[in-house]
Amino acid sequence: MSTKSSSKVTPPERPVALIAGPTASGKSAVAVALAQRIEAGGGKAVVINADSAQVYADLAVLSARPTEEEMGGIEHRLFGAWDGAVACSAARWAEVAREEIAQCHEAGAVPILVGGTGMYLKVLLEGIAPIPAIEPEVREVVRAMPVEIAYEALLIEDPERATQLEPGDSQRIARALEVKRSTGVTLGDWQIAKTGGIAEEIALFPLVLLPPREWLYERCDHRFATMLKTGALEEVEALLKRGLDPDLPVMRAIGVPEISALLGEQASTQATVEAGAQATRNYAKRQYTWFRRQTDTEWPRLTTKIESENIDIGDFFAGLLLN
């Protein structure tokens, strides 16, 4: 990018790049390419993980965590930062990510958020509603209700929220009803009072990757098959030996249940490959839909294939490439 010699362009204050999209869409390659462009211009860049599987130390292979070679000499943070025995919530990740971003800015570096966990990014940017703990008695009563009864109750107690939900969405219906009954305030009103978001404090440079679905799903299939050959079996075997609670996120990550069945001789290798690939595609589909519908319509979208040997995203991040 060229600049006028007669005047100096001032870099943005507290810049944050954000590269989001479904799994296997090429986010990591784009993040590294951007970081290398920034550093080639005399700046400093740090890639910060925003993927709920890549936060776990136990899932290097199954989460497709970038290798040293793929990191391209760029500093990466919050990859493998949590032990699998500790659940990493969106609120906790956002808290730590805020600290990392602040440290980057203090050091004069550009933080580059990269990941496919939309809720992580949403909580970081918008904050989280400070809803008090739900009274156990209320939760027990609400969760015991048949969904149709709970929905009828919600129509009376919080009609605005009820009309936003499908009558069969038992989890969200129960959540809205228990919040109203426990706190006396609707979930919508709590969410208006969100706190902790950094969107107003930073200069955000976002990019959402939404490549052709067929290409994306082919990459999902290839990725899982490759994982089985490059350490995923050993990774899950080591995880199972720890005897962790099966409800922990690390135990429910894509590939862990499928490979567990293979190791337990409950599924063949071929069935495992097919099941793992299908689970990966399903996850990518959900992410694709979320990022297409839930992100700001003004955020730029990149809808072409990402080829690692030919990544040129300078136009999307021109404001960061001022040197």
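The values are calculated or read from the model by the stated rules, or taken from the named source; none is laboratory data. What you see is a predicted model; the values in this text were computed from it and never measured. When we count neighbours, we look across all protein chains shown, and the Cβ atoms used for this are built from the backbone with ideal geometry, even at glycine.
Within segment 172-250, which helices (runs of 4 or more DSSP H) (wholly inside it) include 2 or more residues that are touching a Phe, Trp or Tyr at 6+ places or on another chain (Cβ under 9 Å)?
Output list reads 213-229.
Checking SER268 against (1) among the hydroxyl-bearing types (Ser, Thr, Tyr); (2) surrounded by 13 or more Cβ atoms within 10 Å (Cβ to Cβ); (3) free of Cβ contacts under 8 Å to residues at least 60 places away in the same chain, which test does it fail?
Evaluating SER268 over (1) among the hydroxyl-bearing types (Ser, Thr, Tyr); (2) surrounded by 13 or more Cβ atoms within 10 Å (Cβ to Cβ); (3) free of Cβ contacts under 8 Å to residues at least 60 places away in the same chain leaves (2) as the failure.
Filter segment 281-323 for residues that are more than 25 Å from ALA33 (Cα to Cα) and among the hydroxyl-bearing types (Ser, Thr, Tyr); which is farthest from the chain's Cα centre (by Cα)?
Residue satisfying both the conditions and the ranking: THR289.
From ARG252, ARG213, ARG219, ARG223, which residue is of a type outside the set (Ser, Thr, Tyr), assigned by TED's automatic domain parsing to the domain that holds ASP312, under 18 Å from GLY116 (Cα atoms) and exposed (fewer than 12 other Cβ atoms within 10 Å of the Cβ)?
ARG252
Which one of these does GLY314 not meet: (1) out of contact with any strand residue (DSSP E or B) (no Cβ under 8 Å at 6 or more places or on another chain); (2) touching a residue at least 40 places away in the same chain (Cβ under 8 Å); (3) surrounded by 14 or more Cβ atoms within 10 Å (Cβ to Cβ)?
Status for GLY314: all satisfied but (3).
Every residue, every condition in (1) in contact (Cβ under 8 Å) with a residue 60 or more places away in the chain; (2) buried (at least 22 other Cβ atoms within 10 Å of the Cβ); (3) in contact with a Lys or Arg (Cβ under 9 Å, 6 or more places away or on another chain); (4) within 18 Å of THR23 (Cα to Cα), yes or no:
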| residue | (1), (2), (3), (4) |
| --- | --- |
| GLY42 | yes, no, no, no |
| ILE48 | yes, yes, yes, yes |
| ALA53 | yes, yes, yes, yes |
| ALA57 | no, no, no, no |
| THR67 | no, no, no, yes |
| ILE74 | no, no, no, no |
| ARG77 | no, no, no, no |
| ALA87 | yes, no, no, no |
| ARG98 | yes, no, no, no |
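Among the candidates GLY184, GLY197, GLY231, single out the residue that is on the phi < 0 side of the Ramachandran plot and either exposed (fewer than 15 other Cβ atoms within 10 Å of the Cβ) or touching a residue at least 24 places away in the same chain (Cβ under 8 Å) (or both).
GLY197
Hey, does segment 60-72 have a residue that's of a type in the set (D, E, K, R), at pLDDT below 95 and touching a Phe, Trp or Tyr at 6+ places or on another chain (Cβ under 8 Å)?
Looking for residues that are of a type in the set (D, E, K, R), at pLDDT below 95 and touching a Phe, Trp or Tyr at 6+ places or on another chain (Cβ under 8 Å), one finds none in segment 60-72, hence no.
Given the condition in contact with an Asp or Glu (Cβ under 6 Å, 6 or more places away or on another chain), among the basic types (Lys, Arg), farther than 30 Å from ARG65 by Cβ and in contact (Cβ under 8 Å) with a residue 40 or more places away in the chain, answer yes or no: does some residue in segment 133-150 qualify?
yes
Please specify each residue of segment 158-181 satisfying the condition of being exposed (fewer than 14 other Cβ atoms within 10 Å of the Cβ) and of a type in the set (Asp, Glu).
GLU160, GLU166
Quick one: VAL236 ticks every box in (1) among the β-branched types (Val, Ile, Thr); (2) over 18 Å from GLY115 (Cα atoms); (3) surrounded by fewer than 13 Cβ atoms within 10 Å (Cβ to Cβ); (4) within 23 Å of the chain's Cα centre (by Cα) except a single one, so which number is it?
Every condition holds for VAL236 apart from (3).
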